[in-house]
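Accompanying notes for the structure given below.
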Amino acid sequence: MKLIACYSNKGGVGKTAASVNLAYASALSGNRTLLCDLDPQGASGFYFRVKPSEKLKNTTFFEDTKKFTDSIRESDFHNLDLLPANISFRDFDIFLSRMKKSRSRLNKALKPVDGEYDIVLLDCPPNISLLSENVFKVADRIVVPVIPTTLSQRTLEQLYDFFKKQGYKSSKIFPFFSMVQQSKSLHLQIMEEIRAGNKQVMETWIPFSTHIERMGVHRAPALAYAEKEAAVAAYSQLWQEVQN
Ligand SMILES: Nc1ncnc2c1ncn2[C@@H]1O[C@H](COP(=O)(O)OP(=O)(O)OP(=O)(O)O)[C@@H](O)[C@H]1O
Ligand SMILES: [Mg+2]
């Protein structure tokens, strides 16, 4: 089982859009795939029309393996299951901080599904918290959407600094450019700057696209309704890169 986190310490950068489409691309290429929504906003579940499970609370998530596995739902797509989030996930950090080995709990929580899935994708909330540190420890790869703007560049630097300070493996971090507008010279300039200093940046970038923006209307991965659009097809390409 390979664990891939879509993570950024910055909000609204395209983590959920990437999680949903990468999970779809993974399932389509034959992997038994679980998308685990860790964000109390529950956007991944919304896109897949999967209702949040009320039984799975912040405590049971980490302590009750049966409730955890019982809360997994099938999506409308072959090979693709979802663990939907609910609002109680907002208190993850409070519960984690009271637990022993508080940075290894996600690893433990995911143990029961090891072997059931080839790929587990984690849609993460936007902060650097105890939950995020669990993600940093357990993930094989951390894909980080970066909108090529000055503030996003700064946030990415903060993430690398945090990894260095806390001793996490920064080789797990794979940034990719998100919501790129090629008409903006600042976007192009910042992409060039970040690429020059970071060999791990993905080749594939995701353009800003109304087809992707409309996922909320379709309530499906963009790849499921507009796979021929170049901006949307970029997610398939991104998936090829992520899994290599
Ligand atoms: N490539 C894109 N082009 C246009 N709009 C996009 C693109 N990617 C995402 N969006 C839109 O931008 C908004 C934020 O995207 P998304 O929810 O994926 O970000 P996020 O990082 O998961 O946000 P949060 O930090 O709140 O979880 C959404 O309305 C989404 O539809
Ligand atoms: Mg999100």
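The values are calculated or read from the model by the stated rules, or taken from the named source; none is laboratory data. Predicted, not measured: the structure shown is a model, and the values here were computed from it. Don't worry about glycine lacking a Cβ; one is built from the backbone with ideal geometry, like all the others, and counts go over all protein chains shown. These area figures cover heavy atoms from the full protein model, side chains too; ligands, DNA and RNA do not enter into them. Shrake-Rupley method; radii C 1.70, N 1.55, O 1.52, S 1.80 Å.
Is there a residue in region 57-64 that is assigned to a loop (DSSP other than H, G, I, E, B), of a type in the set (K, R) and either closer than 25 Å to V232 by Cβ or in contact with a Ser or Thr (Cβ under 6 Å, 6 or more places away or on another chain) (or both)? Spell out how you get there, then give the answer.
We begin by selecting, within region 57-64, every residue assigned to a loop (DSSP other than H, G, I, E, B); these are 57, 64.
Those left that are additionally of a type in the set (K, R): 57.
Remaining after also requiring either closer than 25 Å to V232 by Cβ or in contact with a Ser or Thr (Cβ under 6 Å, 6 or more places away or on another chain) (or both): 57.
So far as region 57-64 goes, yes, one or more of its residues are assigned to a loop (DSSP other than H, G, I, E, B), of a type in the set (K, R) and either closer than 25 Å to V232 by Cβ or in contact with a Ser or Thr (Cβ under 6 Å, 6 or more places away or on another chain) (or both).
Take the residues in region 189-244 that are among the acidic types (D, E) and within 13 Å of ligand 1 (Cβ to nearest atom), then tell me which one is nearest to the chain's Cα centre (by Cα).
The initial filter retains those residues of region 189-244 that are among the acidic types (D, E), namely 192-193, 203, 213, 227, 229, 241.
Then keep just the ones that are within 13 Å of ligand 1 (Cβ to nearest atom); that gives 213, 229.
Details: E213: 17, E229: 22 Å.
Here the answer is E213.
I need every pair where a residue in region 77-104 that is over 16 Å from E63 (Cα atoms) has its Cβ under 9 Å from the Cβ of a residue that is open to solvent by 10 Å² or more (accessible area, probe 1.4 Å) and part of a strand (DSSP E or B), sequence separation at least 6 or different chains.
L80/E74; D81/R73; D81/E74; D81/Y117; L82/R73; L82/E74; P84/R73
Look through L130, L188 and report the one residue that is free of Cβ contacts under 8 Å to residues at least 60 places away in the same chain, under 23 Å from F95 (Cα atoms) and either among the aliphatic types (A, V, I, L, M) or in contact with an Asp or Glu (Cβ under 6 Å, 6 or more places away or on another chain) (or both).
Numbers: L188 fails: under 23 Å from F95 (Cα atoms).
The match here is L130.
Which of (1) under 16 Å from the mean Cα position of the chain (by Cα); (2) modelled with pLDDT of 95 or more is the odd one out, the single condition H78 does not satisfy?
(1)
Please indicate, with yes or no, whether at least one residue in region 103-120 is at pLDDT 95 or above, within 16 Å of ligand 2 (Cβ to nearest atom) and under 16 Å from the mean Cα position of the chain (by Cα).
So far as region 103-120 goes, no, none of its residues is at pLDDT 95 or above, within 16 Å of ligand 2 (Cβ to nearest atom) and under 16 Å from the mean Cα position of the chain (by Cα).
Take the residues in region 4-23 that are open to solvent by less than 10 Å² (accessible area, probe 1.4 Å) and not in a helix (DSSP H, G or I); name whichever of them is farthest from ligand 2 (Cβ to nearest atom). Even if it seems obvious, please write down each step before you answer.
Filtering region 4-23 for residues open to solvent by less than 10 Å² (accessible area, probe 1.4 Å) gives 4-8, 13, 18-23.
Subsequent filtering for residues that are not in a helix (DSSP H, G or I) retains 4-8, 13.
Values: I4: 15, A5: 12, C6: 8, Y7: 10, S8: 9, V13: 9 Å.
Only one residue fits best here, namely I4.
Residues of region 24-59 being within 13 Å of ligand 1 (Cβ to nearest atom), of a type in the set (A, V, I, L, M) and either in contact with a strand residue (DSSP E or B) (Cβ under 7 Å, 6 or more places away or on another chain) or open to solvent by 40 Å² or more (accessible area, probe 1.4 Å) (or both), which ones? Before you say what the answer is, go through the steps one by one.
Restricting attention to region 24-59, the residues satisfying the condition of being within 13 Å of ligand 1 (Cβ to nearest atom) are 35, 37-47.
Restricting the remaining residues to those that are of a type in the set (A, V, I, L, M) gives 35, 38, 43.
L35, L38 - these are the residues of region 24-59 that are within 13 Å of ligand 1 (Cβ to nearest atom), of a type in the set (A, V, I, L, M) and either in contact with a strand residue (DSSP E or B) (Cβ under 7 Å, 6 or more places away or on another chain) or open to solvent by 40 Å² or more (accessible area, probe 1.4 Å) (or both).
Looking for whichever is in contact with a Leu (Cβ under 6 Å, 6 or more places away or on another chain) and either closer than 18 Å to G14 by Cβ or at pLDDT below 95 (or both) here; the options are T210, T150, T204, T155. Which one fits? Steps first, answer last, please.
Numbers: T210 fails: in contact with a Leu (Cβ under 6 Å, 6 or more places away or on another chain); T150 fails: in contact with a Leu (Cβ under 6 Å, 6 or more places away or on another chain); T155 fails: in contact with a Leu (Cβ under 6 Å, 6 or more places away or on another chain).
Going through T210, T150, T204, T155 in turn, just one is in contact with a Leu (Cβ under 6 Å, 6 or more places away or on another chain) and either closer than 18 Å to G14 by Cβ or at pLDDT below 95 (or both): T204.
M179: in contact with a Pro (Cβ under 8 Å, 6 or more places away or on another chain), surrounded by 13 or more Cβ atoms within 10 Å (Cβ to Cβ), within 19 Å of V20 (Cβ to Cβ) and aliphatic (A, V, I, L, M), yes or no? Outline the logic, then answer.
Numbers: in contact with a Pro (Cβ under 8 Å, 6 or more places away or on another chain): yes; surrounded by 13 or more Cβ atoms within 10 Å (Cβ to Cβ): yes; within 19 Å of V20 (Cβ to Cβ): yes; aliphatic (A, V, I, L, M): yes.
Taking the combined requirement at face value, the residue satisfies it.
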